[in-house]
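> Before we start, here is the structure in question, set down as C-alpha cells.
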Amino acid sequence: MLKWRAKILLFAGKSIILHKILKPHYDIKGTDMKKLWIALAAVAIVALLLMRSNRQLEQEKQEMQELAELDKQEMENEYERFTLQYGEMMTQINNDSIIAQLTQEQMRTQQLLEELKQVKASDAREITRLKKELAAVREVLRSYIRQVDSLNQVNQQLRQENERVNTQLAETNRANAGLQQEKASLTEKVAIAAQLDATGITMTPLNKRQKAAKKMKDAKTLQVNFTVARNVTAQNGNRTLYVRIQTPAGTVLGGGGTFAYENRQLEYSMKKTIEYSGEETPVTVYWQVAEFLEAGDYRVSIFADGNMIGTRTFNFK
C-alpha cells in the first residue's frame with residue numbers, strides 16, 4: 001500500500017515538472033491546458049488523501065500497541081492478585097491436604113505470571129494462550145474460595161457447638177459440684193448424727209474395801225460409769241470404747257495401750273467392747289491403782305469410732 005502511494009506521489013511530481021518543461025516548446029491550447037491542470041489537481045488530491053490515510057493508520061497502530069500493553073499489564077496485575085489470594089486462603093484453614101493443593105496452584109499461577117512478563121504485548125498468540133490460562137486460574141480460584149468458605153462455615157458451626165457443649169459441661173460440673181457439696185454436707189450431718197454420745201459420766205475412787213474413798217491417796221481402784229445414749233441413726237453392732245484419765249499433772253493413767261484419733265495415736269487407760277443396739281447402754285470400767293494419786297482435777301474422756309463422745313472433769317481431795 002505504501003509503495004503505491006509513493007508511486008502516485010512520484011507520478012504527480014513528474015507530471016508537474018514535465019508540464020513546466022514542455023510548455024515553452026509546444027503550443028498547447030487553452031482547453032487542453034485546462035484538462036491537464038484538472039488531471040494534475042486530481043492526482044495531487046489523491047496523493048494528499050493517501051498521505052492522510054497513512055498517518056491515520058500509523059496512529060491506529062500506535063493506539064493498538066498501547067492497548068495491548070495495557071491489556072498485558074492488567075493480566076499481570078490479575079495474576080499477582082490471584083497469587084496473593086492463594087496465600088491468604090492458606091492462612092484461613094488448618095487442612096493440610098487443601099493447603100498443599102493451594103500451594104501447588106499458587107506456584108502454577110506464579111509460573112504463568114513469569115511467562116507473561118517475558119512475552120511481548122505484540123505477541124498475540126502467546127497473549128491469547130495466557131488469557132485462557134488466566135481464565136482457568138480464575139475458575140480454579142473461585143472453586144477453592146467456595147471450598148474454603150464452606151470449611152470455615154463448618155468450622156464455625158463446630159466451634160459454636162463446642163462452645164455450647166463446653167457451656168453445658170461447665171453447668172453440669174457446677175451442678176455436680178453443688179451436688180457433691182450437698183452430699184458431703186449430708187454425709188457429714190449423717191455421720192455427726194450417727195456418732196455415739198456418752199452421758200452421765202462419773203468417776204469414783206474406791207478404797208481397798210471397794211467403798212468410796214474420801215481422799216484420792218486412799219484409792220485402790222478408779223471406777224468410771226457412763227451411759228451410751230440412744231441413737232437410732234447409729235450403726236448397730238459391737239463398739240469398742242476407750243476411756244482416758246488425765247491426772248492433775250497432765251499425764252495419762254496408762255497401761256491400756258493406744259488408739260487412733262485424728263491421725264495420731266493416743267494412750268488410753270481402759271477399754272471395753274459393748275453390743276450396741278441403738279438403745280441406751282450403761283457402761284462401767286475399772287482402773288487398778290498402782291501408783292500414788294495426788295489430789296486435784298482429773299479429766300475423764302471417752303472415745304469411740306475415732307470420735308470423742310464425752311468428757312468431764314472431777315476434783316478430788
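> Using 0.36 nm per residue of separation minus the Cα-Cα distance, give me the extension gain between Asn166 and Asp96 in nm, one decimal.
22.5 nm
> Points 7 angstrom from Cα along the Cβ direction at Ala212 and Tyr286: gap in nanometres?
Using points 7 Å along Cα→Cβ, the separation is 1.8 nm.
> I'd like to compare 278-287, 294-303: which one has the highest average count of other Cβ atoms within 10 Å, and what's the full order after that?
294-303, 278-287
> Using 0.36 nm times the number of residues separating Asp297 and Ala193, minus their current alpha carbon distance, what extension gain do you get?
Result: 34.3 nm gained on full extension.
> Check cross-link reach from Lys217 to the aspartates and glutamates: straight Cα distance under 12 Å, and skip same-chain residues fewer than eight apart.
Glu291, Glu294
> Moving on to the next point. Kirkwood Rh over alpha-carbon pairs of region 141-237, then Stokes-Einstein at 4 °C and 1.567 mPa s: what D in µm² s⁻¹, rounded to an integer?
62 µm²/s
> Taking 0.36 nm per residue of sequence separation and subtracting the Cα-Cα distance, how much length would be gained by fully extending the chain between Lys131 and Gln65, in nm to one decimal?
Going from the current span to full extension adds 22.0 nm.
> Next up: Would you mind counting up the charge near Lys271? Only other residues with Cβ under 12 Å from its Cβ, with Lys and Arg at +1 and Asp and Glu at -1.
+2
> Using a 1.4 angstrom probe on heavy atoms only, work out the carbon and sulfur share of the accessible area of region 234-317 in %.
42 percent
> Going by average Cβ density within 10 Å per residue, which order do the peptides 86-97, 162-173 take, highest to lowest?
Most protected by this proxy first, the peptides run 86-97, 162-173.
> With every protein chain left in place, what is the accessible area of Leu67 in Å² (1.4 Å probe, nearest 10)?
Looks like 100 Å² after rounding.
> Between beta-carbons, use under 12 Å as the cut-off and find the net charge around Ser301, counting Lys and Arg +1, Asp and Glu -1.
With Lys, Arg at +1 and Asp, Glu at -1, the neighbours total +2.
> Let me check something: with ligands and nucleic acids excluded, how do Lys272, Lys211 order by accessible area (1.4 Å probe), largest to smallest?
Per-residue accessible area, sorted high to low, gives Lys211, Lys272.
> Same structure, new question: How many nm separate the modelled label positions at Ser150 and Ile38, each set 7 Å beyond the Cα in the direction of the Cβ?
Label at Ser150, label at Ile38, 8.1 nm between them.
The values are calculated or read from the model by the stated rules, or taken from the named source; none is laboratory data. This structure is a prediction, so every number in the text was calculated from the model and none was measured. Positions of Cβ are generated from backbone atoms using ideal geometry, with glycine treated the same way; all protein chains shown enter the neighbour counts. When the accessible area is computed, the model is the full protein with side chains, heavy atoms only, and any ligands, DNA or RNA have been set aside. Shrake-Rupley method; radii C 1.70, N 1.55, O 1.52, S 1.80 Å.
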